[in-house]
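The values are calculated or read from the model by the stated rules, or taken from the named source; none is laboratory data. Note that the structure is predicted; figures quoted are calculated from it, not measured. For neighbour counting, all protein chains shown are included, and Cβ atoms are generated from backbone atoms with ideal geometry for every residue, glycine included. Note: accessible area is taken over every heavy atom of the protein model, side chains too, but ligands, DNA and RNA are not part of it. Shrake-Rupley method; radii C 1.70, N 1.55, O 1.52, S 1.80 Å.
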Amino acid sequence: MMFKYFTRALTQRIFLAFLISIIAHAVVHLAPGEPSEVDPSNPLMKPEDIAQIRMAFHLDQPLYLQYAYWIRDLVNGDLKSFKDSQPVLPKIWERFLNSLPLFFVGTLIVWCLSFPTGIYAAVNRGSKYDRLSTFGSYALISLPSFFLAYVAILWVVNNFGVPVLGMRTFGLEDASGISRFMDRVWHLVLPSFLSAMGGVAVLSRYVRSQMLEVIDQDYVRTARSKGLDEDTVIYKHALRNALLPFITMFGLMLPAMVGGSVIVEQIFAWPGLGRLGYEAILNRDYPVILTLNFIAALLTLLGTFISDVLYAVADPRIRLQ
Amino acid sequence: MILKNALLFIPFLVFLGLLQSYLWVPTYGDQTTAGDGRLEKFISAISGDARLLNPIVAADSASGFVVSHVFDSLLEIDENLRLKPHLAKEYKVSCLATIVVGEGFSPESLLQKISPHLTSEASEIRVLEPSTLIRLIDPDGPGPLKEQEVKVTRPNRIEFSLDDVDPSFFEKSLKVLGAEYGQEVTGISAVSVSGKISEGLISIATALAPITEIRPVIDFDLRKDVTFHDGEAFDASDVKFTYEAIMDVRNLSPRRSDFEPIESIHIRDSHSVRVIYKRPFAPAIFVWSYMGILPEHLLNSVALDKEMDARGISGTARDGFGVRASKFNRSPIGTGAFKFTDWKTDESISLARNQDYFDGPPEYKELHVRIIPDSVAREVEFKAGAVDTYLADPHQVARYLKDPAYQPFTSLGLGYTYIGYNLRREPFQDVRVRRALGMAINIDEIIDYVLYGEGQRITGPYPIQTDWYNHDVLPEAYDPEKALDLLKEAGFHKNSEGFLEKNGQELRFNLISNNGNPQRKAILTIAQNSWRKLGIRCDTRLLEWAVFLKDYVNTGDFDAVVLGWGLSELDPDLYQIWHSSQTGPQQLNFVGYKNNEVDNLIENLREEYSRTRQVKMARNLHSLIAKDQPYTFLYVGRRTQVVDRKIVMVKRNESGSVVDYEKLRPTPTGNLNYFFNRWRKLEAIPDL
């Protein structure tokens, strides 16, 4: 039963991944523009040279053949970026490793902050704190992150006089291991806080509403009427049940790893995946755009699969269907 | 409750862990004053990462900046934009002139007949034996797929060596020989190796072997004291290899067209090279002033084979593997003043001083380029002292002008912005209309308000800081009333609604530009408004760049455009933008400008090797084009590079000891980095 459910879910997703790759390929190629190497506004380039470049990138072939070339090269590991002729997969992997700490710390901050604020707001519904946190959430959602980033950078630099840009302080190669590590941690603080802001605002609202829903349930009332103290009621009986929907969110976080945070990475000069994708789009670097897109699609499918599995494990009612 | 406490303590611990790292980080103060050699490091900030650190494939400005410090070219441009020797000790331009010995002539009799009519003295005369020429051609025009090999057999020819390039060397002789001379030469025959012989093929083959040929020659004498950063000596084979790598189609070099006029390169001995050109083309020499020379021993086929084996590249991928795909482009080795040391993708590129540089080592020990995409972030790092220089945005410039801690350097750019009119359409065929449209726009106001004053008016097609620019051509003054008079002279009158019309046809057209350029967008609105005041209805539209080029500019389907050109400061050639043969689809004279006088001048200028005559011709061209006003020439932008004021230029005496410091200065044409190798940072702002 269980096994059948999983194999069906898996085959469906493989078919879906194939469909996505075709549609994504078509959309990217049908968008206007050409790789910046084929620059028709460069007066020094002759039509022969442009034809030569188009041929080398297979841009003169029909779309279905270009798709075949892309898949072939991707599978063989021969896929090269138009921009610098470097293999695409190692390039993405390198940037992924740069983005990973930012993603990890950002997520940590989101989950750490959202639960206490959300639970407290739910327990004290209607209180001053509740209204204040609601206001704060909407303020954070409405303020654009680039604005907050500028304010934060200028504030820290002017008041504390320490560097905040990039992944590490420039020119610190000779320092001891521990200070280099701490330097890396420090450079994570501002960008991860800023990329977490939106997440905190949304997730704490979500925690609050989940808690509110659970608090009104019969079993919570039963627990209270049994004479249990308030903390046990809230944290054991209510919170555990309220947590169930959040299990699915773990799976859905996977694709966010390759999305990166374009704006934060751009402002903080962070050499991450978001910037790689953004620059690839500006330069119409098709192999990089397509591959990133495809990986994101795969991770989304994998993420939904994982959350299905987790849900089935956590909630026996799902398995029976 | 454990869970409750955990929910409070975990966030607390996370924040504590993150924030305590502040205590470990060096402050800007530590970084900028610490004795660990900060003064010997030059740190520059740029917005985008380099792509390929290889002179033959570098196309972006970041790669160009790094490449210019790591590689050397044979020649260099001096302060005043004149060529001077660099890797080449000396160079000499001469010329080979050949004429076919036609039917009914022997070499001796032909020579006797033409020698009184030759226009220059020949230093050497040779008779060439009949020869076979093998070329790849494509009978259907450009397109790399349909190439065919063609063999052309040529008869005896006489070759003259000339000390100067004289494109008209045979002109009088050919007149004496008569018009039928060319037709009677039957020795030229085409043999196609891989296909059928067609009419087209024969005409191409005949063009490959013309009756007379003038082929300029440049002889380079190379320096013998130059080594690459890996210790290998630099020699003639490196020059030849660099040329071959550019022409190799696998490398997709954006410089290929620049080197197309070269027929062949010969190694005469280990340190002398001869370059033979296909035809007189004066600008062709400039390529040697910017093309860095690659180390052959690291990139030839043996080295590439080794690299492919090491990287496990096999099968079809091997065929396409050229210099462009090599790892060399991420750790380049050249002969330049700086050696490449490190490249952290999208973070920084680091170079170190080349102590053995033949031109004397630079003052700075290290040169770093930091990649900071955001302009506010660049300014923050610069003001904190973590960066020594960056290119300030126009709105930031004012902050640096009065601050004594910084030295801003403003220079004019090489590109200009213009409004181009489609000369194939009414009413733009009338020069009075074009003049009137230009006069109606207050260009000074555009410079003041759109560019924050960071621009200058121009009147013609050349960069204002070069000798080619004709300063006698004065900009047309802003005068809407005179503009209206000109339009009335051209037959327009105001109708009842207040709009201009001619023969019942209202004067109405569209003005388009590309999306994403706020300055062009502003010009669009200003022009529309200025013309509206005269009674002209102008519809404006912004289009995505690719669509703009494909559907409007390349097909000629527009009335007027706002666009810009980027130019070279060296080369006075205007062929692609202004010659009447370049008005076809996808060509750059898309406004359809045709003027016989201009055509002739452009053609002659390409074949002119004397600088004084080049200058005269270029200035003449400038005034002719300015008179016709096919464009309303608007402005050239200024750019401002700010530098820490602690940085100065070192003056050394002959024995190498420091005698004095000077203020940084740009060259007369605005190149600040020209003296970079003499720059040094002092501990305090000097009193200069």
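Every condition in (1) touching a residue at least 12 places away in the same chain (Cβ under 8 Å); (2) surrounded by fewer than 18 Cβ atoms within 10 Å (Cβ to Cβ); (3) among the hydroxyl-bearing types (Ser, Thr, Tyr) is met by A:Thr232 except one, and the failing one is (1). When the residues of the stretch B:245-254 are filtered to those that are outside any loop (DSSP other than H, G, I, E, B), buried (at least 17 other Cβ atoms within 10 Å of the Cβ) and hydrophobic (A, V, I, L, M, F, W, C), the one that is farthest from the other protein chains (Cβ to nearest Cβ) is B:Ala245. Just checking, does the stretch A:177-198 include any residue being farther than 24 Å from B:Asn5 by Cα, open to solvent by less than 40 Å² (accessible area, probe 1.4 Å), modelled with pLDDT under 90 and more than 14 Å from chain B (Cβ to nearest Cβ)? Yes: one or more hits.
Inside the stretch B:226-252, can you point out the residues that are farther than 19 Å from B:Arg268 by Cβ and acidic (Asp, Glu)?
So the first thing to find is which residues in the stretch B:226-252 are farther than 19 Å from B:Arg268 by Cβ, and the list is B:227-232, B:245-252.
Selection gives B:Asp230, B:Glu232, B:Asp248.
May I ask you to list the residues in the stretch B:512-528 that are touching a strand residue (DSSP E or B) at 6+ places or on another chain (Cβ under 9 Å) and open to solvent by 20 Å² or more (accessible area, probe 1.4 Å)?
Of all residues in the stretch B:512-528, those touching a strand residue (DSSP E or B) at 6+ places or on another chain (Cβ under 9 Å) come to B:512-517, B:519-521, B:523-525, B:527-528.
Selection gives B:Asn515, B:Gly516, B:Asn517, B:Gln519, B:Arg520, B:Lys521, B:Thr525, B:Gln528.
Only one entry of B:Gln407, B:Gln456, B:Gln429 meets the criterion of being part of a strand (DSSP E or B), over 25 Å from B:Phe382 (Cβ atoms) and of a type in the set (S, T, N, Q), and that entry is B:Gln456.
Going through (1) over 28 Å from A:Arg168 (Cα atoms); (2) at pLDDT below 90; (3) open to solvent by less than 60 Å² (accessible area, probe 1.4 Å) one by one, B:Asn442 falls short only on (2). Of all residues in the stretch B:43-56, those satisfying the criterion of being within 9 Å of another protein chain (Cβ to nearest Cβ), in contact (Cβ under 8 Å) with a residue 40 or more places away in the chain and touching a Ser or Thr at 6+ places or on another chain (Cβ under 7 Å) are B:Asp49, B:Ala50, B:Leu52.
Annotation: of all residues in the stretch B:283-303 being open to solvent by less than 10 Å² (accessible area, probe 1.4 Å) and over 19 Å from the mean Cα position of the chain (by Cα), the one that is farthest from B:Ala337 (Cα to Cα) is B:Leu299.
Put simply, of A:Leu108, A:Leu74 the only residue that is facing another protein chain (nearest Cβ under 9 Å) and surrounded by 14 or more Cβ atoms within 10 Å (Cβ to Cβ) is A:Leu108. On the given criteria, is B:Glu40 within 22 Å of B:His368 (Cα to Cα), open to solvent by 70 Å² or more (accessible area, probe 1.4 Å) and either within 14 Å of chain A (Cβ to nearest Cβ) or of a type in the set (D, E, K, R) (or both)? Taking the combined requirement at face value, the residue satisfies it.
For B:Thr98, are the conditions met, namely being touching a strand residue (DSSP E or B) at 6+ places or on another chain (Cβ under 8 Å) and either away from chain A (no Cβ under 14 Å) or modelled with pLDDT under 85 (or both)? Yes.
If the condition is being open to solvent by less than 50 Å² (accessible area, probe 1.4 Å), within 12 Å of chain A (Cβ to nearest Cβ) and either assigned to a loop (DSSP other than H, G, I, E, B) or under 30 Å from B:Ser610 (Cβ atoms) (or both), then the stretch B:541-559 contributes only B:Asn554. Of the residues making up the stretch A:128-138, none is assigned to a helix (DSSP H, G or I) and either at pLDDT below 90 or in contact with a Leu (Cβ under 6 Å, 6 or more places away or on another chain) (or both).
Given the criteria touching a residue at least 24 places away in the same chain (Cβ under 8 Å), of a type in the set (Ser, Thr, Tyr) and open to solvent by less than 10 Å² (accessible area, probe 1.4 Å), does B:Tyr406 qualify? No.
For the stretch A:157-169, does any single residue satisfy the condition of being of a type outside the set (Phe, Trp, Tyr), away from chain B (no Cβ under 12 Å) and farther than 30 Å from A:Leu254 by Cβ?
So far as the stretch A:157-169 goes, no, none of its residues is of a type outside the set (Phe, Trp, Tyr), away from chain B (no Cβ under 12 Å) and farther than 30 Å from A:Leu254 by Cβ.
Within the stretch A:264-321, count every residue that is open to solvent by less than 30 Å² (accessible area, probe 1.4 Å), assigned to a helix (DSSP H, G or I) and not hydrophobic (A, V, I, L, M, F, W, C). Going through the stretch A:264-321 one residue at a time, the tally reaches 9.
None of A:Ile153, A:Ile141 is within 26 Å of the chain's Cα centre (by Cα), β-branched (Val, Ile, Thr) and open to solvent by less than 20 Å² (accessible area, probe 1.4 Å) except A:Ile153. For the stretch A:271-296, taking the residues that are in contact with a Pro (Cβ under 8 Å, 6 or more places away or on another chain) and not charged (D, E, K, R), the one that is nearest to B:Asp346 (Cα to Cα) is identified as A:Asn283.
Going through the stretch B:216-240 one residue at a time, which ones are of a type outside the set (Ser, Thr, Tyr), in contact with a Phe, Trp or Tyr (Cβ under 9 Å, 6 or more places away or on another chain) and more than 30 Å from B:Arg606 (Cβ to Cβ)?
Taking the stretch B:216-240 and keeping what is of a type outside the set (Ser, Thr, Tyr), we get B:216-226, B:228-236, B:238-240.
Keeping just the survivors that are in contact with a Phe, Trp or Tyr (Cβ under 9 Å, 6 or more places away or on another chain) gives B:216-226, B:228-229, B:234, B:236, B:238-239.
Passing the criteria: B:Arg223, B:Lys224, B:Asp225, B:Val226, B:Phe228, B:His229, B:Phe234.
Screening A:Ser99, A:Ser81 for residues that are within 10 Å of another protein chain (Cβ to nearest Cβ) and crowded, with 20+ Cβ neighbours inside 10 Å leaves exactly one candidate, A:Ser81. The residue that is farthest from A:Gln52 (Cα to Cα), among those in the stretch B:255-282 that are open to solvent by less than 10 Å² (accessible area, probe 1.4 Å) and within 14 Å of chain A (Cβ to nearest Cβ), is B:Pro261.
Only one of the numbered conditions (1) of a type outside the set (Asp, Glu); (2) open to solvent by less than 60 Å² (accessible area, probe 1.4 Å); (3) in contact with a Lys or Arg (Cβ under 9 Å, 6 or more places away or on another chain); (4) over 23 Å from B:Ser375 (Cβ atoms) is not met by A:Gly166, and that is (4). Checking the structure you have, find out if any residue of the stretch B:388-395 is within 13 Å of another protein chain (Cβ to nearest Cβ) and closer than 26 Å to B:Thr667 by Cβ. Within the stretch B:388-395 (the criterion being within 13 Å of another protein chain (Cβ to nearest Cβ) and closer than 26 Å to B:Thr667 by Cβ), the answer is yes, since at least one residue qualifies.
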